[in-house]
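J.: Take a look at this one; I'll ask things after.
Derivation of every value follows stated rules applied to the coordinates shown; laboratory data play no part. Worth saying up front: this structure is predicted, and the values here are computed from it rather than measured. Because the Cβ atoms are built from the backbone with ideal geometry, glycine has one as well, and the counts that use them run over all protein chains shown.
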Amino acid sequence: MIDLQKPIPSYLNEKSNIVRLILFTSLFALVFINIYFPFGADRWFDLTRPEFFTYSSLVILTGVLIVVISRVIMYYRGRKNIIRLWQYLAWIAGEIMLMALFYALFEKFVLEDSRDFVFLVKLSARNTALVLLLPYSVMWLYLSWRDKNQQIERMSDMPAVPDGTRDMIPFYDEKSILRFSVKKENLLYIEAAENYVNIFYLNKGKIARYLLRDTLKKMEEKFTDTGIIRCHRSYMVNFEKVRVIRKEKDGLKLELEISPVPDIPVSKTYVDNVMQTFSKYSRMTDNS
């Protein structure tokens, strides 16, 4: 069963892929209208084939302008917020209806079609769905295939995470692309957000957050022996920032040295991991 709440793959909202989608959709629409003659195109005017091609190009590209505006809005929205699958599908439905309305108005008032306007909207929606959904589906499959190939290529060259002796902690996304780096002394904790993680850190004395597309499971593997440990299904913590381990009725809590930071819970699965790390840091303190 498809999970409509999950975030869309990041490649669907990358700038270069949006350009690819628009260009491919425009080309497909142009070929489609010159072969299938939707929207009453064969009844427009008495034109030669080259003239019809030029005229139809202008009409189709005007309609595709709706997609351009829509995708620009989606791109900037996606930079600030997570776009979930149901939202993406609803967005596509909206693009189809807006283009259908444009073509219905064109046919009704420019071509002076005598048929009922509601009927024209329904007819345009059907034809627009063909114009958009087929190239959208093809591009989605292509981008998914391309993304998986790139991930495979990067796996062999995946850079290692520095050990605990280094100053900077790099964060790579799911494609192994470096997105963010922070000094270990400024890193506080990491919180899961479905297919994303929120990285909380100190920036000029204030708590800041960075959203990264990755999972805690992958980060747990990357940050082995760095002191950045998994303590909960939804949390990892920089143990160097832990000042108090407190036992409460609902389990252990980690209190960090920064007062505005909420206490980080420790689940039963990770109690041993936390206590082993605590012992390790205690020995280091005694030796120093």
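J.: Please give the calculated 222 nm ellipticity per residue for the chain, where each DSSP H segment of at least 4 residues contributes -39500 (n - 2.57) and the sum is spread over every residue; nearest 500 deg cm²/dmol?
T.: On the way: 6 runs with 138 residues, N = 288.
Roughly -17000 deg cm²/dmol at 222 nm, from the helical runs in the chain.
J.: Another question about this same structure. Could you work out how far helix 117-155 tilts from the main Cα principal axis of the chain, as a 0 to 90 degree angle to the nearest 10?
T.: 40
J.: Among ILE66, ILE60, rank each residue by its count of other Cβ atoms within 10 Å, from fewest to most, as a rough exposure measure.
T.: Values: ILE66 18, ILE60 25.
Fewest to most other Cβ atoms nearby, the residues stand as ILE66, ILE60.
J.: Angle check, please: helix 271-287 long axis (alpha carbons) against the longest principal axis of the chain (alpha carbons), in degrees 0 to 90, nearest 10.
T.: Roughly 50 degrees, rounded to the nearest 10.
J.: To the nearest 10 degrees, how steep is helix 15-36 against the longest Cα principal axis of the chain, on a 0 to 90 scale?
T.: 20
J.: Report the calculated FRET efficiency for GLN5 and ASN34 (r = Cβ-Cβ distance, R0 = 45 Å), to the nearest 0.05. All intermediate terms of the calculation are to be shown ahead of the outcome.
T.: On the way: r = 40 Å, r/R0 = 0.90.
So the FRET efficiency works out to roughly 0.65.
J.: FRET efficiency for MET168 and LEU23, Cβ-Cβ distance as r, R0 = 35 Å, nearest 0.05? Write down the numbers at each step before the final one.
T.: Details: r = 39 Å, r/R0 = 1.12.
After rounding, the FRET efficiency stands at 0.35.
J.: Between ASP250 and LEU65, what length in nm is gained on full extension when 0.36 nm per residue of separation is reduced by their alpha carbon distance?
T.: Details: separation 185, 0.36 × 185 = 66.60 nm, distance 5.57 nm.
That works out to 61.0 nm of additional length.
J.: Which of TYR201, TYR210, TYR172 moves the most in a Gaussian network model of the chain with Cα springs under 10 Å?
T.: Comparing TYR201, TYR210, TYR172 in the GNM, the peak value goes to TYR210.
J.: To continue, here is another question. Which one of ASN195, GLY78, VAL110 is farthest out on the positive end of the charge dipole of the chain, using unit charges on Cβ (Lys, Arg +1; Asp, Glu -1) and the Cα centre as origin?
T.: ASN195
J.: Let me ask something additional. P(r) of the chain in 5 Å steps, Cα pairs, percent per bin?
T.: 1, 5, 10, 12, 12, 11, 9, 8, 7, 6, 5, 5, 4, 3, 2, 1, 0, 0, 0
J.: Separate question: With an 8 Å cut-off on Cα pairs and a minimum separation of 6 or more residues, tell me the relative contact order of segment 168-287 in percent.
T.: Details: 196 pairs, mean separation 20.0, N = 120.
Across segment 168-287, relative contact order equals 17 percent.
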